[in-house]
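The values are calculated or read from the model by the stated rules, or taken from the named source; none is laboratory data. None of the values given here were measured: they were computed from a predicted structure. All Cβ positions, even for glycine, are placed from backbone atoms using ideal geometry, and neighbour counts span all protein chains on display.
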Amino acid sequence: MDSKEHWEKVYTTKAPDAVSWYRTHLETSLALIELAVETRSSSIIDVGGGESTLVDDLLLRGYQNITVLDISQSAIELTKRRLGSAADQVRWLVADITKIELEPGAYDLWHDRAVFHFLADRVPRIAYVRQVARSVKRGGHVIVSTFGPEGPAKCSGLDVMRYDADSLHREFGARFRPIESSKEVHHTPFGTAQQFLYCYCRID
């Protein structure tokens, strides 16, 4: 089963709040986005946005230039239905982030909660980093959240990578200037705890 088939199966067989990464609101992500971008017209891409409520909260805060990308068409369609007419204010992309060619310099801010750590092989990780470097404007902002050092070794039946701030930064390289990082304990809908790492950097 390839990645797209895997995630289509996940999103067509489980309710949005029945997956381990579900969170009612992504408070840490929202706080970092508010810190990073200067205007509500800044272009933001949420990679792996799927069924996340981040897009809802960004719209409520008045952000006007939002792109949501996910590999699962089913996840995108569910979120569009949830948003109703507000979905027309968002650009939707169904694609594998390691394979799509995003427009160069298109984004002021890149956000990813829980995609990068699924890239267990080095080749797709390199492709992902090249994608970020190409599509985020110079001086732009990158927020990536992965499992931390004490996070799970598997998720959704797949092997995952775990990072601390230094090891995650090494994956991205010197062009990505670290601004801040933090760890967060995420409580899953099943009553378990997962350690997440948040890293925020700028592209020089």
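Looking at Ser52, Ser43, Ser20, which one is within 14 Å of Val115 (Cβ to Cβ), among the polar types (S, T, N, Q) and touching a residue at least 60 places away in the same chain (Cβ under 8 Å)?
Ser52
For Ala120, the stated conditions hold: it is surrounded by fewer than 16 Cβ atoms within 10 Å (Cβ to Cβ) and under 16 Å from Leu168 (Cα atoms). With respect to (1) under 27 Å from Pro178 (Cβ atoms); (2) at pLDDT 95 or above; (3) surrounded by fewer than 15 Cβ atoms within 10 Å (Cβ to Cβ); (4) touching a helix residue (DSSP H, G or I) at 6+ places or on another chain (Cβ under 7 Å), the lone exception for Gln89 is condition (1).
Among the candidates Ala127, Ala114, which residue alone is buried (at least 21 other Cβ atoms within 10 Å of the Cβ) and under 23 Å from Glu8 (Cα atoms)?
After ruling out the rest, the residue left standing is Ala114.
Of all the residues in the range 146-185, those that are hydroxyl-bearing (Ser, Thr, Tyr) and touching a strand residue (DSSP E or B) at 6+ places or on another chain (Cβ under 9 Å) number 4. Selection of the range 51-102 for residues being within 15 Å of Ser41 (Cα to Cα), in a helix (DSSP H, G or I) and aliphatic (A, V, I, L, M) yields Val55, Leu58, Leu59, Leu60.
Checking the conditions here, which among Ala95, Ala87, Ala114 is over 16 Å from the mean Cα position of the chain (by Cα) and of a type in the set (Gly, Ala, Ser)? Steps first, answer last, please.
Numbers: Ala95 fails: over 16 Å from the mean Cα position of the chain (by Cα); Ala114 fails: over 16 Å from the mean Cα position of the chain (by Cα).
Exactly one of Ala95, Ala87, Ala114 is over 16 Å from the mean Cα position of the chain (by Cα) and of a type in the set (Gly, Ala, Ser), namely Ala87.
Which residue, of Ser52, Ser42, is more than 15 Å from the chain's Cα centre (by Cα) and either under 19 Å from Glu184 (Cα atoms) or modelled with pLDDT of 95 or more (or both)?
Numbers: Ser52 fails: more than 15 Å from the chain's Cα centre (by Cα).
Checking each option against the conditions leaves just Ser42.
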